[in-house]
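Below is one structure, written out as structure tokens; the observations come after it.
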Amino acid sequence: MCPDDDLAPEALTAVPEGFRYCFQAMASPCEVRVDTSDPDLARDLGRRAEAEVRRIEAKFSRYREDSQLSAINRSAGASITVDSETAALLNYAQHCFQLSGGRFDITSGVLRRLWRFDGSDNLPTKAEVRRLLPFIGWRRVSWDGSVLELPKGMELDLGGIGKEYAVDRAILAITGVSDCPSLVNLGGDLRVTGPRRGGERWRVAIESVDRARLTDGLLALAHGALTTSGDARRFLLKNGRRYSHILDPRTGWPVVDPPRSVTVAAPTCLEAGLLSTLAMLQGRHAERFLRTEGISAWWVR
Amino acid sequence: MPASTPFQRDGLPFRALSVIPRRSALAGLSLAPLLLAAPTLARAAPAEDLLHLDSYRGKVVYIDFWASWCGPCKLSFPFMQRMLSAFHRDDFVILTINMDHNRQRADAFLSDQNQDGLPVIYDPSGQIAKRFGVKAMPTSLVVDKSGVVRFTNEGFFTDRVSAYEAHIWELLSEKH
Amino acid sequence: MRNTRIRGRVSGRTLTALALLLSTLTLPACGALGVKPWDHDLLAQRAMQLNTHPHITACHEHIYFSKEGSSGGRTFDGGGCGCN
Amino acid sequence: MQLKRRKMSRGVAPALGLLTANLLLATAALADPLGPAAPPPVANANINDDTETDLGLTRVDSAVLFYHEANGRVQTTEPMISVAFNSEDGDVLSVKLTSDTLTGATPNGAAPWKQAQTFTTPAQAPGSTAVVTSASGGSSLVTLPGTGTVVRQYTTPAHQLPTDTGFRDQRYAVDAGYSMQWSPESRVSIGGSVSTERDYRSGSINAGYSRDLFEKNTTVSVGLNLEFDQSRPYFGTPTPLTVMSGDAKGGNKSKTVQNIVIGVTQVMNRIWLANLNYSAGQSDGYQTDPYRIISVVDPVTGGPTQYLYESRPSSRFRQSLYMGNKIALGPTFADVSVRAYHDSWGINSITAEINERIPLLSWIYLEPQARYYSQTAATFFHDYLVSGQPLPTYASSDSRLGKFSATTLGLKLGIKTGSTSEFYMLAENYKQSGKSTNPNAIGDLASENLFSGVNATSLVVGFTFAFR
């Protein structure tokens, strides 16, 4: 993984497997590994991936005031015609909402106003949460495939799919111009274009929940993507009970007893991300969900 | 709650495990086009039922595999342009899939043809073409409203243009 | 074809046998060779065609036919001229 | 208000895979954020990188061959032009016109000798009183005493290969062909050609079928060609192995040639295209050269005692196995081919060729070419016959039937003048080499150079263009 600091001198560094191109985006360290001996190719592919990630961040991050998403969130109920990419993402989110029985909901972002997962014990009160529930629920949003009306006070947050979508798009930006084996990793959500030269697998380190041990094991990956949900740093602890930062949008409360982290492998980053989030949203039944769905995953309780 | 055990999977301590899922998440999954190769052991679903273009449900989709070096492909672009303007965007979608290994040549071809209307998906490694069992260049697939590939045209012959157009009309007239 | 053909010496028959053997062998093996239809980019180059300059090939055929004992191979061998 | 706890539907993962693919497919169709990969596409990086096709175009190709053999031998100028009408579906109608002017001295077949030799040929065509007026250089008209017939005589100096300079010929030929896409996997073609010169006429028709297999990686083809030739010597056809004289000879003679070519073209891999052809040809009828003679020499001194008209078998069965390869090595394209040939006259030959097309700039390429050829002699090839020995049934001293090898070295230059037009030029030297002096030749012939092979340079200059 790339050093966290923003001041990485030269974005491109040589590594045993070729070159690594580092940058900061989506509030996490990002790296593009390119299995080539040609530094210019590696830098070009790295820049392409970075450009795509920044484009998506600029468009869909709710932390950026000038992003389209922020514009939507300020629309206070007005009807907005969105462009085809946003429409495709909203359709996708809608399908995920239906698939997950309402558990995956991009309108649950407002809950962040109440919940600060800083390891402390300041949980919000039930009344505060109840007051916020009327502003949560995808069913309250009117969306016909091109025109959106977001009721006043509600907010959209593509947190669950934004970063994974950026990884998949970055991979497309690379495969669109070159067959060169590459890996894109945005803060732990990663995907490869295919096996390394000579059919080798990529070695990827998975950040474990246990802060003491930086990396837990190495995964060898020839195809597809890997994402990890759950995070050792974001939880609340009150009279012995641990509250994970995974919130159930239907109740506004943290999911009960989810695994500490789930890592999922799937062909695309979006699928891996969604499946790991959905698994966490199952709380106690996470393992059963992963098994019955036949998802290749690793989890830590 | 036991102390955090190392990653746990089938009871195997987790070392450098390759991604070999017990029952692949993709078993039986019908992969629509852009899914790149599934993890190593996944069975590739047969080409026919691959194309459940969910979001195109209710629309007829014309998918054309082309490359800049292929003579007949150049002839198919005016036809596709005409079809695009002949039918309403809500009923009919054209997706062209470029197979060039060299992106510059594909773009040079497109700028020659001044093709801004037709969406292009770049597939230099032939993943999509493999999935659809493309056997000739160009190949066009005509997909009905419920996502089933109904017509496959191998090659492009100007004296068969009326037949190609008839396929589209036929599928458009079907109820979905 | 009149049947008063002069019996070719042994090597004639072997050449025919060799040719038949080769064609029967190569055809089934051909299935294993080849590339995907979308990998014909280099093969579609003009310079890759078997006869890039037909007139030059014709000149060669004409010269070699009139100056050598053998002919044919690439295309039909044939007289067409009482060249001497 | 507690939302109903709906259970999550089963089969989430498969459906999710589908949705993801649709999303990526739909959004992938958007313009690439960075636009084209590199600066706006430059004209083809190098001239070899050209995949323009002629579909829907009319292609005109014209060229002139200047062929010149050393030491005053044959010289021809051969302009040719072809027009091909290409439909957009691969049907091609093509017509080609060729004309060919031949001058210069041709070996008459006699062996050189240490003294000058004089040869007598007819001057009046059979049944006509017209006399060849302008006997070209080196020959003269003589009226034979007694018979009063006018004959043409020419003399060859000592130690020189006897050649007849009386040849001037003008040939015109028309070829036409039509090929069409019979089905998406198969093509058929038919064609014909007519060629006339003052002393030779030829007509042929051909048909061909080709079929693509294994996703166009393999193409099998078969071609048939039927040809009818008529030899119309100026002064009639001499009876083979009779003494050379000035008398008028017999009438015209003809022959038929039937040919089949079976071919397989196979894509070996992305850069290599291989082509294997087996061809067989049977020709029946008159195949002798009416103007050629063969010396009958004294068994001791080797001096010429008489000259007999040559004689060749009246049928010939030819076979050849040809393998050609086109290989794209980086920017260069190589054309490597070998051919094995055998015929019923006892001639076996091996031919090997290599051309390497090297791009220099985006609009110019150089193509060095090299060819090696070697053949064995026909069974009835003799440099000379020996007086007193029984006459063989067939005998010819034509160097084309003798044992020799030949090398060709050439250089082709191509200049691209437009997207579908090119100026091309090929300069080439073709040199035959064989056993010049034959130590165990009879008498003083041992010191004469009996080999009559050629050393020729040729230049082809051509220009081709296409228009809609």
Taking Cα atoms only, helix A:159-175 is inclined relative to the longest principal axis of chain A by an angle, in degrees rounded to 10, of 20
Computed over chain D, the relative contact order (Cα-Cα under 8 Å, seq sep at least six) in percent reads 14
Expected sort for D:307-314, D:104-111 on mean C-beta neighbours within 10 Å, highest first, is D:104-111, D:307-314
In whole Hz, the Karplus estimates of ³J(HN,Hα) for the range A:114-119 (6.51, -1.76, 1.60; θ = phi - 60°; x where Gly or Pro) are 9, 9, 10, 8, 10, x
Whole-Å distance linking the alpha carbon centroid of the range D:344-366 with that of the range D:137-216 is 24
Residues other than D:Thr101 with Cβ under 11 Å of its Cβ, Lys/Arg counted +1 and Asp/Glu -1, net out at -2
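For D:Thr155 and D:Val64, compute 0.36 nm times the residue count separating them, minus their Cα-Cα distance, and round to one decimal in nm.
That pair, D:Thr155 and D:Val64, stretches by 29.4 nm at full extension.
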Given pairs A:Lys152/B:Lys59; D:Lys96/D:Lys255; C:Lys67/D:Lys412 and cut-off 26 Å on Cα-Cα distance, the over-length ones are A:Lys152/B:Lys59
The ³J(HN,Hα) series, computed from each phi in the range A:80-95 with the Karplus coefficients 6.51, -1.76 and 1.60 at θ = phi - 60°, rounded to the nearest Hz and given as x for glycine or proline, is 10, 8, 9, 6, 5, 5, 4, 4, 4, 5, 5, 4, 4, 5, 4, 4
For B:Val161 and D:Ser99, extending 7 Å from Cα along the Cα-Cβ vector and measuring point to point gives, in nm, a value of 4.2
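Ratio of Rg to Rh for chain A, alpha carbon only, Kirkwood?
Reported Rg/Rh (Cα atoms, Kirkwood Rh): 0.97.
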Computed ³J(HN,Hα) along the range D:181-195: with the Karplus parameters 6.51/-1.76/1.60, θ = phi - 60°, integer Hz and x for glycine or proline, the list is 7, 6, 8, x, 10, 9, 10, 10, 8, 9, x, x, 8, 10, 9
Counting other chain Cβ atoms within 10 Å of each Cβ in A:85-92 and taking the mean gives 5
Partner lysines whose C-alpha sits under 22 Å from that of D:Lys216, ignoring same-chain residues fewer than 8 away, are B:Lys74, B:Lys130, B:Lys135, C:Lys36, D:Lys326
Of the range B:67-102, those with amide N under 20 Å from the point 7 Å along the Cα→Cβ vector of A:Ala51 are B:98, B:100-102
The answer for the net charge of residues other than D:Gly414 whose Cβ lies under 9 angstrom from its Cβ, with Lys and Arg +1 and Asp and Glu -1, is +1
Nearest 10, in degrees from 0 to 90: the angle of helix A:269-281 to the longest Cα principal axis of chain A is 40
Quick calc, A:Asn239 & A:Ala76: beta-carbon distance into FRET formula, R0 51 Å, rounding 0.05, result 0.80
So the angle from the long Cα axis of helix D:12-28 to the longest Cα principal axis of chain D, reported in degrees to the nearest 10, equals 60
Taking D:151-163, A:161-173 and ranking on average Cβ neighbours within 10 Å, highest first, one gets A:161-173, D:151-163
Protection proxy (average C-beta count within 10 Å per residue), highest first, orders B:94-107, B:156-169, D:397-410 as B:94-107, D:397-410, B:156-169
One finds, for B:Lys130 and D:Met268 with R0 = 30 angstrom and r their Cβ-Cβ distance, a FRET efficiency to the nearest 0.05 of 0.90
So the FRET efficiency between D:Leu141 and D:Thr437, C-beta based with R0 = 35 Å and rounded to 0.05, is 0.45
Once both label points are put 7 Å beyond Cα along the C-beta direction, the A:Asp40-D:Ala427 separation in nm becomes 3.7
Per-residue average of other protein chain Cβ atoms inside 10 Å, peptide A:259-271 -> 6
Within 10 Å of the Cβ of an average residue in D:336-344, the count of other chain Cβ atoms is 5
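Computed from the coordinates by the stated procedures, all read-outs in this text should not be read as laboratory data. Keep in mind it's a predicted model, so treat the numbers as computed, not measured. Cβ: placed from backbone, ideal geometry, glycine included. Neighbour counts: every protein chain shown.
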